[in-house]
Amino acid sequence: MLQDGPVSTHTDPRRAFTDARRDPLLAVLEGLHALKHALRFGADVLRVAITEPDAVAELIEGYAPDLPGLLRREPEVVSPEVFRALSPNAPTTGVITIARRPPVDIAALLDDPRAAPLVLLEAPRDLGNVGACVRVSAAADIAGVLTTGTHDPWNPTALRGSAGLHFALPVAHVAAVEPAGGRPLIALDGEGETLDPRELPARSILAFGSERQGLSNELLARADARVSLPMRAGVSSLNLATSVAAVLYAWRFSENQ
Ligand SMILES: C[S@@+](CC[C@H](N)C(=O)[O-])C[C@H]1O[C@@H](n2cnc3c(N)ncnc32)[C@H](O)[C@@H]1O
């Protein structure tokens, strides 16, 4: 299963996985589904550890029958004790992986000529939310996901939330997004005008705010438009990932896609 190229230097899997969690060039994928999606979308897999091979084989047969054909070598089998030490939250599927993060060319992403929007998450706090946003962005086939703030969008918890779909589209952290490549900046905010997805301009940057504070005043001031998803009276806001899903699928179903 180990693919060609330099692999984590440590033969001890505990050391290799600990190091990989801190390495900005690597991704730790917790679980079978994350490995399956990563491989489907071309991940360069460096190391896979499993425990209980029979149980893993059964899961692969049921949920990822294409996976064996995508693997180059057999995974390394480790004891349950070692496996539990490979993650603070060891996946119940008994599969954990180290892969290389694909490089993201931000300038090329901003210049992507496709009509598909780009999602910008401004300083998200919850890594599970980040993963869910990446997952729905991959499903809706948008141009990419950019994040600002303190969190790494490739954190293993976010990768778990996306089920490894970070490999399906460009995902990157940026210090700030300066609208570029002629992309309009659209702020998603509960106090905006009601969203009409047919009026979303092609190649928009759709900006979503953090879970507690919402979008910053600075971003709201720079936005070309401020739009909202209508909500019943008394509901203060939608969950971040839910609002990303609603907007992206409204866009997909609109005539404007
Ligand atoms: C949990 S909400 C933030 C709530 C925050 N207290 C506020 O006042 O904006 C996280 C983000 O989801 C998006 N969002 C949530 N509900 C929305 C709605 N009804 N319309 C548009 N965007 C929404 C916004 O981008 C928001 O910044």
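The values are calculated or read from the model by the stated rules, or taken from the named source; none is laboratory data. Bear in mind the structure is a predicted one, so any value in this text is a computation, not a measurement. Note: ideal-geometry Cβ built from the backbone for every residue, glycine included; neighbour counts use all protein chains shown. For the accessible areas, the whole protein counts, side chains as well, though only heavy atoms, and no ligand, DNA or RNA atoms are used. Shrake-Rupley method; radii C 1.70, N 1.55, O 1.52, S 1.80 Å.
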Farthest toward positive dipole pole in the stretch 115-257 [+1 Lys/Arg, -1 Asp/Glu at C-beta], among LEU219, GLY192, PRO124: PRO124
Convex hull volume per residue for the stretch 107-146, taking Cα atoms only, in Å³: 60 Å³
For the stretch 127-257, compute Rh as the Kirkwood radius over C-alpha pairs and then the Stokes-Einstein diffusion coefficient at 20 °C and 1.002 mPa s; write the answer in µm²/s, rounded to an integer. 142 µm²/s
Could you tell me what percent of the accessible area of the chain is made up of carbon and sulfur, with a 1.4 Å probe and every protein chain present? 51 percent
Is it possible to state the helix-based mean residue ellipticity at 222 nm for the chain, with each DSSP H run of 4+ residues giving -39500 (n - 2.57), the sum divided by total residues, to the nearest 500 deg cm²/dmol? What is it? -9000 deg cm²/dmol
Got a sec? Charge dipole of the chain, +1 on Cβ for Lys and Arg, -1 for Asp and Glu; which of LEU238, ILE96, VAL145 is way out at the positive end? ILE96
Could you run the Karplus curve 6.51 cos²θ - 1.76 cosθ + 1.60 with θ = phi - 60° over the stretch 141-156 and give me ³J(HN,Hα) per residue in whole Hz, x for Gly and Pro? 6, 8, 6, x, 10, 10, 10, 10, x, 8, 8, 7, x, 9, 4, x
The answer for the chain, accessible area per residue at 1.4 Å probe in Å², is 48 Å²
Per the Cα gyration tensor, the stretch 112-179 corresponds to an equivalent ellipsoid with semi-axes, largest first in Å, of 17, 15, 8
Hey, got a sec? Which trypsin sites (Lys or Arg not before Pro) in the stretch 28-90 land in a DSSP loop and have at most 16 other Cβ atoms within 10 Å? ARG72, ARG73
Under the Kirkwood approximation for Rh and a Cα-based Rg, what ratio Rg/Rh is obtained for the stretch 1-129? 1.01
What distance in nm separates the simple spin-label points at ARG15 and ALA90, each placed 7 Å from Cα in the Cβ direction? 2.0 nm
Show me, for the stretch 69-83, the HN-Hα J-couplings you get by feeding each phi into the Karplus relation (A = 6.51, B = -1.76, C = 1.60, θ = phi - 60°), rounded to Hz, glycine and proline as x. x, 8, 8, 9, 9, 5, x, 8, 9, 10, 5, x, 5, 5, 4
Karplus ³J(HN,Hα) for the stretch 243-248 (6.51 cos²θ - 1.76 cosθ + 1.60, θ = phi - 60°; Hz, whole; x = Gly/Pro) runs 5, 4, 4, 5, 5, 5
Using the crude model of +1 on Lys and Arg Cβ and -1 on Asp and Glu Cβ, and no other charge, please compute the dipole size for the chain relative to its Cα centre, in debye to 20. 140 debye
Here the alpha-carbon Rg of the chain over 2.2 N^0.38 Å rounds to 1.08
With the Cα gyration tensor of the stretch 41-113 in hand, give its eigenvalues times 5 under a square root as the equivalent ellipsoid semi-axes, listed largest first in whole angstrom. 29, 16, 11
Report the rotationally averaged projected area of the stretch 200-257 based on its alpha-carbon convex hull, in square nanometres. 4.6 nm²
